[in-house]
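The values are calculated or read from the model by the stated rules, or taken from the named source; none is laboratory data. Just so we're clear, the structure is a prediction, and the values are computed from it rather than from any experiment. Quick reminder, even Gly has a Cβ in these numbers, built from the backbone with ideal geometry, and neighbours come from all protein chains shown.
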Amino acid sequence: MTIEHGFSEQLRRGETAAVQALLDGSDSNTAGVVMGYLGRMSNDYNTRLQLRFAERHLGMKPRIGRVELACRAWFNDNLESPPFYVPAVITNILFVITMLLSGFAFPIESMPVAVQWLTLLNPLRFYMVTIRGIFLKGVGFGILWPQLAALTAIGLAVLLVAVERFRKTVG
């Protein structure tokens, strides 16, 4: 915390006085929590200053209503991030693999035959073919219907699996 020289004199004159908080951002969750606490402390202090100022100049204690913002973490009460590192890494790896097998960076035709067959499970492959066909070649539904059918089939398969898992969870 850095409080500049003349802080109290600035407040007495009714000016804005600055306070600087320097936080280590390498642990962003903790830094965010600390910033929240500091913001609340600053707001509370400002409210007290305003009440004292009004009491001095109005000659009576003002009755001021108050709105309070309370932050609450519902699904990660302790704001711990390590339990989420592994899923995040897995998600990033799957994203990279999906992008590599989509034909976005490398043509599917130049991939080994086994990998070409594997790309048929990747919905992004069909999406990329559709987007290229529409924007680069100007083709219509008559040519792109196999890609759209494949996207629909993959979407329905994922939906059916999700519905079945949901039924097992609920029932």
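Remarks
- Checking Ser42 against (1) of a type outside the set (D, E, K, R); (2) modelled with pLDDT of 85 or more; (3) under 26 Å from the mean Cα position of the chain (by Cα), the condition it does not meet: (3)
- Check on Met128, free of Cβ contacts under 8 Å to residues at least 12 places away in the same chain, farther than 30 Å from Ser28 by Cα, in contact with a Ser or Thr (Cβ under 8 Å, 6 or more places away or on another chain) and not assigned by TED's automatic domain parsing to the domain that holds Thr30: no
- Criterion: surrounded by 13 or more Cβ atoms within 10 Å (Cβ to Cβ) and among the charged types (D, E, K, R) - qualifying residue of Arg125, Arg165: Arg125
- Residue tally, condition within 30 Å of Phe84 (Cβ to Cβ) and aliphatic (A, V, I, L, M), over segment 1-55: 9
- Taken over segment 26-37, the criterion of being surrounded by fewer than 12 Cβ atoms within 10 Å (Cβ to Cβ) and modelled with pLDDT of 85 or more is satisfied by Tyr37 alone.
- Tally of residues being closer than 21 Å to Phe95 by Cα and either in contact with a Cys (Cβ under 6 Å, 6 or more places away or on another chain) or part of a helix (DSSP H, G or I) (or both) across segment 110-152: 23
- Number of residues in segment 81-92 that are within 17 Å of Val33 (Cβ to Cβ) and within 16 Å of the chain's Cα centre (by Cα) equals 2.
- Residue tally, condition of a type outside the set (Phe, Trp, Tyr), touching a residue at least 12 places away in the same chain (Cβ under 8 Å) and either out of contact with any Gly (no Cβ under 9 Å at 6 or more places or on another chain) or on the phi > 0 side of the Ramachandran plot (or both), over segment 91-120: 9
- Within segment 138-167, residues that are under 13 Å from Tyr127 (Cβ atoms) have Cβ atoms under 6 Å from residues that are β-branched (Val, Ile, Thr) and part of a helix (DSSP H, G or I) in these pairs: Leu144/Thr130; Gln147/Val129; Gln147/Thr130, counting only partners at least 6 apart in sequence or on another chain.
- Residue in segment 10-25 that is surrounded by the fewest Cβ atoms within 10 Å (Cβ to Cβ), counting only those that are hydrophobic (A, V, I, L, M, F, W, C) and farther than 14 Å from Phe53 by Cα: Leu22
- Condition broken by Arg72, with the remaining ones in (1) of a type outside the set (S, T, N, Q); (2) in a loop (DSSP other than H, G, I, E, B); (3) at pLDDT 85 or above satisfied: (3)
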